[in-house]
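Taking it in order: structure first as structure tokens, then the write-up.
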Amino acid sequence: MARITRKELKSDKFALEVEHTVTFFEEHQKEFMRYGAVALAVAVLAVGYSFYSRHQHALRESALYTAIQAQEAPVGGSPGGGLSFPTQEAKDQQTTKLFTDVKTKYSGSDEADIAEYYLGSIRADQGKLAEAEKNYLEAAQKGDAKYSSLAKLALAQIYFADGRTDQGEKMLRDLIANPTIFVSSEQATITLARFLAQKKPAEARKLVQPLMTRPGPVGQMAIALNNQLPQ
């Protein structure tokens, strides 16, 4: 099954940075259906997790840091001679093992919740949406609010991808009402508007128009989306 690669995801022209939040949106809903996967940028957590690298003396933090390093390692060799994997399959196997070990060994901790989110992202990249959904649900229900919000954003995209639009809309509206440092209200609003654009253009326009006067990427995204909406 085809899937969106990490390289494609990081170069997505709809990448949006709002204050301390970095997340990536898929370009069109039809792409979800075509690829059959939701590939969330791991860079989101890498940014939010950077402070952990300064406290690697704690075992659980060190274990998670090692797993994230593996997840960020390239496939096919590293120019600097650092960690790399010969194939994507080998990388997926190793990172799945590392994150699963963190989740199992340190159950109930923030590190375990973050590992759960990463496991969902790996499986979503592989096109295993049913398995990814289970991971994201676990992270959304048990994780700290900021990590839970990332899992909910991923869940919403899965729901829209397989036709559960009511669930997806409900999830995003909850994020709009309850933003976090990782998922802003603006991000959730623009994401929802993109999914509603084809079937509910009037509602999508109602969502984005208040954002069109915002400075920076938010206003630019809102204007671009509003111009794309059917009249």
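Numerical summary
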quantity	calculated
Residue tally, condition in a helix (DSSP H, G or I) and under 24 Å from the mean Cα position of the chain (by Cα), over segment 206-222	9
Flag for Q88 being within 27 Å of A156 (Cβ to Cβ) and not aliphatic (A, V, I, L, M)	yes
Test for L153: is it under 29 Å from A139 (Cα atoms) and in contact (Cβ under 8 Å) with a residue 24 or more places away in the chain	yes
Any hit, segment 172-184, residues being in contact with a His (Cβ under 7 Å, 6 or more places away or on another chain) and touching a residue at least 12 places away in the same chain (Cβ under 8 Å)	yes
Total residues in segment 99-147, condition farther than 24 Å from D174 by Cβ and touching a Gly at 6+ places or on another chain (Cβ under 6 Å)	1
Any hit, segment 66-79, residues being farther than 20 Å from E131 by Cβ, of a type in the set (S, T, Y), without any contact (Cβ under 8 Å) to a residue 40 or more places away in the chain and part of a helix (DSSP H, G or I)	yes
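To keep it simple, each residue is scored yes or no on (1) within 16 Å of the chain's Cα centre (by Cα); (2) closer than 28 Å to G120 by Cα.
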| residue | (1), (2) |
| --- | --- |
| A161 | yes, yes |
| Q167 | no, yes |
| T189 | yes, yes |
| E203 | no, no |
| A224 | no, no |
| Q231 | no, no |
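Each value in this text was obtained by applying a stated rule to the coordinates, not by laboratory testing. Keep in mind that this is a model prediction, so the values were computed, not measured. Note that each Cβ is placed from the backbone with ideal geometry, even for glycine, and that neighbours are counted across all protein chains shown.
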